[in-house]
Ligand code: LLP
């Protein structure tokens, strides 16, 4: 459930504000987020985990706007980061470094040092070489690094190959058969403290089974390690729970957490989740205006002012995202359109074969754009990135200004 609904006059609202008004006030393309939806989804996870010790580490990569991170930090959220940049954002937003886990396959020494200095909760290690580097960097600082090993359980998450991460052929994690050896090595290191086991098998999963299979494999590993005297304190199950862009019916966080909790009975394990999409996707829309309608011989095009540089998911993954009229009571005739952007690429589309009642100047909302929308935006074609607005009840807050052209060439220099 989210808070983007039509009012009695058929006008699409974000909470209590008409999107039409926001478009006029802030211009388009515009990302619009709903605070109530964001918070609702975070609480859904937190309450689902319920009475067992747990921490929700929101995956910053899904949407890293400081205002959003700050709202989550106020709820007590932890954060899953994949770069020193994301750690700096979390800190700038008032997040607690003691609730930060650091994923990612190629952490630099500088990133390790920053994370050690800030005393993050845990490094999720993705290779033996990373373990060696971390031990050395921590040693140089006279510190001890807390770690989990990100295990690759070789499970087919049944999702798009680009966002499937838990198969042998993926670059992520350490093959589960090799994990005990890495733990043994880590246990013998002076500047490493073993905290957990971690995995993340993919994103936009719509079935529980792959999660459950992964959990079983991880719990078996935890038992094996315990038999060797290596004790694990937390189980980090990663992110990946899907959302309904269209007809998908992903499990509710409660269903997911309940199934996990049953497996944890009798164990003293803290449960960590790293959800990104499930928290923020449906808390945002991309608002865009139709520039032109262009009839074609085989299809009609709706040329809009947002492109693949604003929202890459359809172009990159062929992702289907729902595109709806902001004014659902228009007099325009319904027709079939490919909804395409201004970028000079054939792959620049946000939706294909959509039935829409639109004309020049009509507003459209691309739903579920809160996750991996703005964070994957670029300046391709020298297009300033969109502004971001957060709606809270009947109030709107500009949480990121639209980029100015001068921002785009800041740092570029002419030859003397
Ligand atoms: N933890 C780790 C280690 C991850 O790599 C990811 C996402 C997450 C958590 C959060 O996953 P989520 O709960 O959001 O599924 N750009 C793609 C998604 C890439 C996901 C990468 N990793 C998309 O737009 O579909």
The condition of being at pLDDT 95 or above, within 14 Å of the ligand (Cβ to nearest atom) and either in contact with a helix residue (DSSP H, G or I) (Cβ under 8 Å, 6 or more places away or on another chain) or under 23 Å from residue 313 (Cα atoms) (or both) holds, among 84, 95, 78, 27, only for 78
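Pick from 100, 60: which is modelled with pLDDT of 95 or more, buried (at least 22 other Cβ atoms within 10 Å of the Cβ), farther than 27 Å from residue 312 by Cα and in contact with a strand residue (DSSP E or B) (Cβ under 8 Å, 6 or more places away or on another chain)? Full working, then the answer.
On the way: 60 fails: farther than 27 Å from residue 312 by Cα.
Being modelled with pLDDT of 95 or more, buried (at least 22 other Cβ atoms within 10 Å of the Cβ), farther than 27 Å from residue 312 by Cα and in contact with a strand residue (DSSP E or B) (Cβ under 8 Å, 6 or more places away or on another chain) holds for just one of 100, 60, which is 100.
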Could you tell me which of the residues 302, 247, 281 is within 14 Å of the ligand (Cβ to nearest atom) and within 30 Å of residue 21 (Cα to Cα)? 281
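Somewhere in region 30-49, is a residue crowded, with 20+ Cβ neighbours inside 10 Å and within 21 Å of residue 118 (Cβ to Cβ)?
So in region 30-49, the residues crowded, with 20+ Cβ neighbours inside 10 Å come out as 30-35, 37-38, 41-42, 45, 49.
Filter once more, keeping what is within 21 Å of residue 118 (Cβ to Cβ): none.
No.
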What number goes with the only condition from (1) over 20 Å from the mean Cα position of the chain (by Cα); (2) in contact (Cβ under 8 Å) with a residue 40 or more places away in the chain that residue 157 does not pass? (1)
What's the number of the only condition in (1) touching a strand residue (DSSP E or B) at 6+ places or on another chain (Cβ under 9 Å); (2) away from the ligand (no atom under 16 Å from the Cβ) that residue 234 fails to meet? (2)
Only one of 230, 182, 176 is buried (at least 21 other Cβ atoms within 10 Å of the Cβ) and more than 20 Å from the chain's Cα centre (by Cα), namely 176
Kindly list, by first and then second residue, each pair from a residue in region 261-273 that is closer than 18 Å to residue 239 by Cα and not assigned by TED's automatic domain parsing to the domain that holds residue 57 to a residue that is at pLDDT 95 or above and assigned to a helix (DSSP H, G or I), limited to pairs with Cβ atoms under 7 Å and residues at least 6 apart or on different chains. none
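Being at pLDDT below 95 and over 20 Å from residue 289 (Cβ atoms) narrows it down to one of 346, 330, so name that one.
On the way: 330 fails: over 20 Å from residue 289 (Cβ atoms).
Of 346, 330, the one residue that is at pLDDT below 95 and over 20 Å from residue 289 (Cβ atoms) is 346.
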Tell me, yes or no, whether region 18-27 has at least one residue that is buried (at least 19 other Cβ atoms within 10 Å of the Cβ) and within 26 Å of residue 248 (Cα to Cα). yes
One residue from 336, 356, 287 being surrounded by fewer than 17 Cβ atoms within 10 Å (Cβ to Cβ), in contact with a strand residue (DSSP E or B) (Cβ under 7 Å, 6 or more places away or on another chain) and either under 17 Å from residue 30 (Cβ atoms) or outside the structural domain of residue 45 (by TED's automatic domain parsing) (or both): 336
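The values are calculated or read from the model by the stated rules, or taken from the named source; none is laboratory data. As the structure is a computational prediction, the values presented were derived from the model and not from experiment. For neighbour counting, all protein chains shown are included, and Cβ atoms are generated from backbone atoms with ideal geometry for every residue, glycine included.
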